[in-house]
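> The structure that follows is given in the form of structure tokens.
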Amino acid sequence: MRYRDLGKTGLKVSEIGFGTIPILSGNVPVLPEYFSPDTETAVAILRKAYDHGCNFYDTAILEEYGDAEIKLGEFAKTVDRSSIILSDKARFYSGAEIYREVVRSTEHLGTRPDIYFVHQVDEDNADEVFGKYGALDALCDLKREGKIGYTGIASHYYNVLYRGAKDPRVDVLQGSGNILERGMLDRIRQEAAFREKGFILNKVFAAGLLIGPFSVAELIGGILGYPFSCAILGIGTFAQEKDAFATEYPRLDFSFEDVVERLRESFEPIRCDRCEKCVCPYGHEIHTQFRQYNYYQLGKEYWAIRKLQMDIEQTYAHCRSCEDRVCMKQCGQHIYIPEEIEKIYQLASSDRTPIRQRQESS
């Protein structure tokens, strides 16, 4: 296992970390049926990763990750606490709410979190998070009180992460990216402000959807050239643990064209690298709709179609009437966006009944 610096924290983290969503118990539509390990099995899987050199473990509160937080706490009791780094997070944005969640998380883990993230920060809640008496202020108070080690902001949006990179109160950032959705990672690599922060990378496998078109070795090796501190992989079985941690993967350099060509063997992907520069004057997240279309084609049908149906009608109407096409002027991949939006609209409109309901009624 190789290790990298976690920004300016003084900590060194394993290049590959353990994402705990798959060890939760319960019926979660986005997870395969073979997940849901009991506590004993989950602890054993976590321990195998530890034996292979993994020292970074990421979780979230019960309402988001089920009992994974508690299982992680049970694992922490079985090893030298100073040898592991526990990362936790909660989707609350006011200071009072996040303070309460840190106290709860500490009880569930049985120890203080080394890093605590405000989770899923976006443009709608960022001002509250970063503002006076917001969640970030509270995390700073908790850090001074010794209740957490370091402060964190987790987001899928470049502008939010950039705001965090410029804010001296933030120690660690967490964002998403992979060999397909590399646009945000390319922007982060070019921006000096990010070099002062620890950076945790998630969605390396795109929720498992890129496994198939690509091997685990290709997906991990393909992101090693990016300036992250630790890439966390969702692990739910002993086989996945072995794939993630038993081998030291070499760095691979896939061009974006290489990735698109590989996907074309199965379907015609939208050539979006999710750089998030396609700002829509009507406020629609074009890159998110492109992502869900590709995810639909990769097998996440039920989840993706629900997401697409939430906004596609308005997006399509605005796209047809828009004359400025500001989004296209900023697109690094030169996508003809109205044509792709129409394709998504036709897909989402073909049957307004979600796929799972159709399967259950057939």
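> Using the structure shown, list the pairs from 89/300; 8/48; 48/89 with a Cα-Cα distance above 27 Å, or answer none.
8/48
> Mean-square fluctuation check for the chain, GNM, Cα pairs under 10 Å: which of 75, 267, 256 is largest?
Comparing 75, 267, 256 in the GNM, the peak value goes to 267.
> Take the chain, connect every pair of alpha-carbon atoms lying under 10 Å apart with a spring to form a Gaussian network, then pick out the residue of 282, 345, 249 with the largest mean-square fluctuation.
Comparing 282, 345, 249 in a Gaussian network model of the chain, the most mobile one is 282.
> If you take the beta carbon distance between residue 77 and residue 257 as r and set R0 to 30 Å, what does 1/(1 + (r/R0)^6) give as a FRET efficiency, to the nearest 0.05?
0.05
> Here's something else I'd like to know. Take the Cα pairs of the stretch 92-251, get the Kirkwood Rh, then feed it into Stokes-Einstein at 20 °C and 1.002 mPa s and tell me D in µm²/s.
It diffuses with D of about 129 µm²/s by this estimate.
> While we're here: Between residue 282 and residue 248, what is the label-point separation in nm under the 7 Å Cα-to-beta-carbon projection?
Computed distance between label sites residue 248 and residue 282 equals 5.3 nm.
> Where does the chain land at 222 nm, in deg cm²/dmol rounded to the nearest 500, when only DSSP H runs of n ≥ 4 count, each adding -39500 (n - 2.57), divided by all residues?
Computed mean residue ellipticity for the chain: -12500 deg cm²/dmol.
> Right, here's the next one. Under Stokes-Einstein, with the Kirkwood radius over Cα pairs standing in for Rh, what whole-number D in µm²/s applies to the stretch 83-136 at 37 °C and 0.692 mPa s?
Answer, rounded: 286 µm²/s.
> Pull up the cross-link candidates among the lysines for residue 132, meaning alpha carbon to alpha carbon under 19 Å and not fewer than 8 places away within one chain.
In chain and number order, the partners are 143, 166.
> Related question: May I ask you to derive the relative contact order of the chain, considering only C-alpha pairs under 8 Å and at least 6 residues apart, and to give it as an integer percent?
15 percent
> How many percent of Cα pairs in the stretch 267-361 exceed 18 Å?
Of all Cα-Cα pairs in the stretch 267-361, 42 percent lie more than 18 Å apart.
> While we're here: Given 0.36 nm per residue, what is the gain on full extension from residue 342 to residue 190 after removing their alpha carbon distance, in nm?
51.4 nm
> Let me ask another. For a protection proxy built on the mean count of beta-carbon atoms within 10 angstrom, sort 159-168, 114-123, 315-324 highest first, please.
Per-residue Cβ counts within 10 Å, averaged per peptide and sorted highest first, yield 114-123, 159-168, 315-324.
> Another question about this same structure. So, how do all the Cα-to-Cα distances of the chain break down into 10 Å bins, in percent, from 0 on up?
5, 24, 33, 27, 10, 1, 0
> What Cys residues in the chain are without a partner cysteine, judged by a Cβ distance under 4.7 Å?
When partners are defined as cysteine Cβ atoms under 4.7 Å apart, the chain leaves 54, 140, 230, 272, 275, 280, 319, 322, 331 without one.
> If R0 is 30 Å, what FRET efficiency do you get for residue 333 and residue 306 from their C-beta distance, rounded to 0.05?
The calculated FRET efficiency here is 0.70.
> Using a Förster distance of 51 angstrom, determine the FRET efficiency expected from the C-beta separation of residue 111 and residue 326, and round it to 0.05.
The formula returns an efficiency of 0.55 here.
> Another question, then. If you build a Gaussian network model of the chain, linking Cα atoms that sit under 10 Å apart, which residue out of 105, 25, 83 swings the most?
Checking each option, the largest mean-square fluctuation is seen for 83.
A short reminder: the numbers here are calculations on the coordinates, not readings from a lab. Please read all numbers here as calculations on a predicted model, not as lab measurements. Cβ coordinates were reconstructed from backbone atoms using ideal geometry, including for glycine residues, and neighbour counts include every protein chain displayed.
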